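Peer 1: What follows is a single structure, and I will ask about it in a moment.
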Protein chains: 2
Amino acid sequence: MDRTGTGRICDDLTARQRQVLRLLVQEYVASASPVGSGTLLRQGQMGVSSATVRSELALLEELGYLHQPHTSAGRVPTTKGYRYYIERLMDNVELPAPHRMMIGHQFHQIRLNMDQWLQLTAAVLAHTTRSASVVTAPHAAHSRLKHIQLIATHDTLVLMVLVLQDGSVHQEMLAVDEQVTQDRLSVLTSQINDLFRNMTADEIRDEIAHEPPLVTGWPARVVEWFASRMQEVDLRTVDEIYQAGLANVLEQPEFEDVAAFRRLVDMMEQRQRLEVVLARTLTANGVQIIIGGERPIEEVYDVSLVLSPYGIREKASGVLGVVGPTRMPYAHVVSTVRYVARMMDGLIDEVYGEPSA
Amino acid sequence: MDRTGTGRICDDLTARQRQVLRLLVQEYVASASPVGSGTLLRQGQMGVSSATVRSELALLEELGYLHQPHTSAGRVPTTKGYRYYIERLMDNVELPAPHRMMIGHQFHQIRLNMDQWLQLTAAVLAHTTRSASVVTAPHAAHSRLKHIQLIATHDTLVLMVLVLQDGSVHQEMLAVDEQVTQDRLSVLTSQINDLFRNMTADEIRDEIAHEPPLVTGWPARVVEWFASRMQEVDLRTVDEIYQAGLANVLEQPEFEDVAAFRRLVDMMEQRQRLEVVLARTLTANGVQIIIGGERPIEEVYDVSLVLSPYGIREKASGVLGVVGPTRMPYAHVVSTVRYVARMMDGLIDEVYGEPSA
DNA sequence: TGTTGGCACTCGATGCTTGAGACTGCTAAA
DNA sequence: TTTAGCAGTCTCAAGCATCGAGTGCCAACA
């Protein structure tokens, strides 16, 4: 792609401009204050004078990669600048061994309790990146029924516990008008299990629609309830969301401003919006970086997300990642997220992978 | 107790001092800035001059109820002042009807899904009090086994789903060395259910210790695992914790200071410490108010908690409440928390109460 | 004895000015 | 094309005066 031979690589920036942009982003991420030509010279030896750097800076600003808070200040990367840095300039290194060891160590010696795993994953992510983290429970798109259990908790209340192929367990209660006995429920449990085991929600819907009714009276309504609950669980793209490390981001200077922090907290608390962002990553490949001000989160310009899917697509997959300031050490965060996602892949494979038999 | 006849009631403060303290707390809660004698006079008609109020203020400060940030500022209640206000001066009114209606309305039309109920409860508490909220899942101290189900998810992995009398559902996986079949697990499921149903964790421990072993080989280890998991669940005082409304407290002026807000976030994120506080309320009667700087949370002096147990003691009970700034409209918050706790009582009774049969 | 008006005083908040410092853009020379 | 030099811009922190809410004290009074 180097068509001109003058250091113009790819399509737009010269080698020196790229170097300036890279140094500037790195310096800004480290120092959290606007970077001027002087600082840049001091930082990396680039063999030119400050005046040259200044003109490059002016050009980069004109091209939309940088922004100047005010005339006599240094430059700050724009969203476009971060995006360019992340995609073209950042060293995409593997997480250093000590970090890998530390993470690996924390993941050892824990029992096979999915809830604890996910909580731990969120904690580890938050801790190693000094940011907030999100982790969703693994989940399959059209999971099949593994087991249903109906339990009488009261004379007219039925507790349903639903276990799906993807390992998720769901529960809900239903009030029926008549008295129910555990004996009758146990029979019904067997019937439903025998009839619908290994079926998806859609298949169950079809089965019910076409077959003559299995039962009548309140058991029929229980079956109906079971089917609609299956459907509901099936439609959900993101199940439970685990979070950790909100306190970490409070250390960042950009969140001295309470309003800025509020945007981040809102982001974490508004489940709906968060779900949209997470769902996008669920079907993506590899680590996704969403920079504040970009598409799905235009209004939260000082927050970025580094997310990765994990698990086995179509079998049990979720999303995990980091939520932090836009001014974030992306290289480190990306490699951490990637590494933790790979770890989770391993776990999921162990738990849900193809049986050897 | 009015021994002197000069307005000295109970034991310590005169009627006028109490009036001054009450007005001051109310005014401070409303305005968020130190209250002086002038403001106090303007607020409530107390028929005395500012000089008199000043001397009362000076006395109240000497007694430790008030604090003066600096010489030329007004007074601010101390922890002791808040405590006195809450216990002796606050109007303990019922939540006004419009609020009651709004809350009641939000609670209607939701299905019997405990998870959603608790999430909603947290949201409603946070919304009506404009603070953060915490709600724990209902839970019984020594709950009996209702149902256990063992499911083969893999050739050497067993998923156990545990349903207890208190309605809680617990799950965990176990890796066994040998191949397991669902058939064998189903048999084991029936055996365990038949043998241990309606027993507490302790009873199950005893039974296992004294009876000859039910099975040998890996099924024995599954039984052992089941028993230890029961024990573990039984020992837990607080199960899942639901939170909401952290963003609300960011509106409060005292949390302009990031450090202060950090203390609150830490409070909410450090599960261990939060559990200690919540567990204390679990065994208490009625609404508990923990003021920042007081016993279990000495170091978090700008945060207060208003908590209430709910549910049926020994059968299914939890804690719910509000976490907000010490400068909090206690009367309103207390009546909200009380009202919501009563609502939850109703639900719990419906779900776990004595069967009519 | 308790209450009150008066008064001097304190001290944070506010606003203004000023100088230092960081960084810029521009220009003319190399 | 690069660079040294320079004038200009703008923020920030410090210093300073002012304002005013609020205080404590005291003498006079009911």
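The values are calculated or read from the model by the stated rules, or taken from the named source; none is laboratory data. Here the structure is a predicted model, which is why all the values come from computation and not from measurement. All Cβ positions, even for glycine, are placed from backbone atoms using ideal geometry, and neighbour counts span all protein chains on display. Areas reflect the complete protein model, heavy atoms only, side chains present, ligands, DNA and RNA absent. Shrake-Rupley method; radii C 1.70, N 1.55, O 1.52, S 1.80 Å.
Peer 1: Cα extents of segment A:205-357 along the three principal axes, largest first, in whole Å?
Peer 2: Computed over segment A:205-357, the largest-to-smallest principal extents equal 65, 41, 26 Å.
Peer 1: Computed on protein heavy atoms with a 1.4 Å probe, what is the summed buried accessible area for the chain pair B and A, in Å² to the nearest 100?
Peer 2: Values: alone 17740 and 17740 Å², together 31370 Å².
Counting protein atoms only, the buried area is about 4100 Å².
Peer 1: Also: How high is the relative contact order of chain A, in percent, counting Cα pairs under 8 Å that sit 6 or more residues apart? Don't skip to the end; give the middle numbers.
Peer 2: On the way: 538 pairs, mean separation 63.8, N = 357.
After rounding, I find 18 percent.
Peer 1: Accessible area per residue for the protein assembly as shown in Å², computed with a 1.4 Å probe and the full protein assembly in place, what is it? All intermediate terms of the calculation are to be shown ahead of the outcome.
Peer 2: On the way: 31370 Å² over 714 residues.
Per residue, the protein assembly as shown has 44 Å² of solvent-accessible surface.
Peer 1: Cα axis of helix A:330-352 to longest principal axis of chain A: angle in degrees, 0 to 90, nearest 10?
Peer 2: Rounded to the nearest ten degrees, it is 20.
Peer 1: While we're on this one: Enumerate the amide H contacts of B:Tyr242 below 5 Å, restricted to partners 5 or more residues apart or on another chain; note that Pro and chain-start residues carry no placed amide H.
Peer 2: It is B:Val135, B:Thr136, B:Ala137, by chain and number.
Peer 1: Give me the net charge for the shell around A:Gly353: Cβ to Cβ below 12 angstrom, other residues only, Lys and Arg +1, Asp and Glu -1. Please report the intermediate quantities before stating the final value.
Peer 2: Details: positive: A:Lys315; negative: A:Asp345, A:Asp349, A:Glu350, A:Glu354, B:Asp155.
Charge balance near A:Gly353 sits at -4.
Peer 1: Given the convex hull over the Cα atoms of chain B, what projected area results after averaging over all orientations, in nm²?
Peer 2: Details: hull surface 97.7 nm².
Computing the convex hull of the Cα atoms and averaging its projections yields 24.4 nm².
Peer 1: Shifting gears a bit: I need to check one value: relative contact order of segment A:15-89, counting alpha carbon pairs closer than 8 Å and at least 6 residues apart, in percent.
Peer 2: Relative CO of segment A:15-89 lands at 35 percent.
Peer 1: Which translational diffusion coefficient, to the nearest whole µm²/s, is obtained for the protein assembly as shown from the Stokes-Einstein equation, given a Kirkwood hydrodynamic radius over C-alpha pairs, 4 °C and 1.567 mPa s?
Peer 2: Values: Rh = 29.2 Å.
Value of D from the Cα-based Kirkwood radius: 44 µm²/s.
Peer 1: Just which residues of segment A:319-355 lose 20 Å² or more accessible area with every protein chain there, against their chain alone, with the probe set to 1.4 Å?
Peer 2: A:Glu350, A:Val351, A:Pro355
Peer 1: Which of A:Ala227, A:Ala209, A:Ala15 ends up with the largest GNM mean-square fluctuation for chain A, with Cα atoms connected below 10 Å?
Peer 2: Evaluated over chain A, the most mobile residue of the options is A:Ala209.
Peer 1: Once the label point is placed 7 Å from Cα along Cβ, list for B:Asp257 the distances to the corresponding points in the other copies, in nm, shortest first.
Peer 2: 2.2
Peer 1: Still on this model: Tell me the distances, shortest first, between A:Glu207 and the same position across the other copies, using label points 7 Å along Cα→Cβ, in nm to one decimal.
Peer 2: Shortest to longest, the spacings are 3.2 nm.
Peer 1: Follow-up. Compute the distance in nm between two label points, each set 7 Å from the Cα along the Cα-to-Cβ direction, one at A:Met199 and one at B:Asp12.
Peer 2: In this crude spin-label approximation the distance works out to 7.0 nm.
Peer 1: What is the calculated FRET efficiency for B:Gln231 to B:Ile110, with r their C-beta to C-beta distance and R₀ = 51 Å, to the nearest 0.05? It would help to have the intermediate numbers written out before the result.
Peer 2: Working: r = 34 Å, r/R0 = 0.66.
Calculated transfer efficiency: 0.90.
Peer 1: Gain in length, B:Thr283 to B:Gln68, computed as 0.36 nm per residue apart minus the alpha-carbon separation, to one decimal in nm? Write out the running numbers ahead of the final one.
Peer 2: Working: separation 215, 0.36 × 215 = 77.40 nm, distance 3.69 nm.
In short, 73.7 nm is gained.
Peer 1: Taking chain B as a Gaussian network, Cα atoms linked when under 10 Å apart, which of B:Glu314, B:Glu232, B:Glu240 shows the biggest mean-square fluctuation?
Peer 2: Of B:Glu314, B:Glu232, B:Glu240, the most mobile in the Gaussian network model is B:Glu232.
Peer 1: Residues of segment B:234-269 that become at least 20 Å² less accessible with every protein chain present than in their own chain isolated, using 1.4 Å: which are they?
Peer 2: Flagged in segment B:234-269: B:Glu240, B:Leu246, B:Ala247, B:Leu250, B:Glu251, B:Glu256, B:Val258, B:Phe261, B:Arg262, B:Val265, B:Glu269.
Peer 1: Residue by residue, what Karplus-based ³J(HN,Hα) values in Hz, rounded to whole numbers, does segment A:74-87 have, using 6.51, -1.76 and 1.60 with θ = phi - 60° and x for Gly and Pro?
Peer 2: x, 9, 10, x, 8, 3, 4, x, 4, 4, 4, 4, 5, 8
Peer 1: Shortest first and in nm with one decimal, please list how far the B:Pro98 label point sits from its counterparts in the other copies (point 7 Å along Cα→Cβ).
Peer 2: 6.0
Peer 1: Ok, one more. With springs connecting C-alpha atoms under 10 Å apart, model chain B as a Gaussian network and identify which of B:Ala123, B:Ala141, B:Ala247 has the largest mean-square fluctuation.
Peer 2: Fluctuation is largest for B:Ala247.
Peer 1: Kindly write out, for segment B:168-180 in residue order, the coupling ³J(HN,Hα) from the Karplus curve 6.51 cos²θ - 1.76 cosθ + 1.60 (θ = phi - 60°), rounded to whole Hz, with x marking Gly and Pro.
Peer 2: With the stated coefficients, segment B:168-180 comes to 6, 10, 10, 9, 6, 10, 9, 9, 10, 6, 9, 5, 10 Hz.
Peer 1: Sticking with this structure for a sec: I'd like the FRET efficiency for A:Asp257 and A:Glu224, computed as 1/(1 + (r/R0)^6) with the beta carbon distance as r and R0 of 60 Å, rounded to 0.05. Can you show the working numbers first?
Peer 2: Working: r = 52 Å, r/R0 = 0.87.
Result of the calculation: an efficiency of 0.70.
Peer 1: Over the protein assembly as shown, what percent of the accessible surface lies on carbon and sulfur atoms, probe 1.4 Å? Spell out each step's value before the answer.
Peer 2: Details: 15950 of 31370 Å².
C and S atoms contribute 51 percent here.
Peer 1: Please check segment B:165-191 for residues whose accessible area, probe 1.4 Å, is lower by 50 Å² or more when all protein chains are in place than in their chain alone.
Peer 2: Correct list: B:Val169, B:Gln171, B:Glu172, B:Met173.
Peer 1: Follow-up. Estimate the FRET efficiency between A:Asp155 and A:Thr216 by the formula 1/(1 + (r/R0)^6), using the beta-carbon distance for r and 22 Å for R0, to the nearest 0.05. Could you put the intermediate results ahead of the total?
Peer 2: On the way: r = 20 Å, r/R0 = 0.93.
My answer for the efficiency is 0.60.
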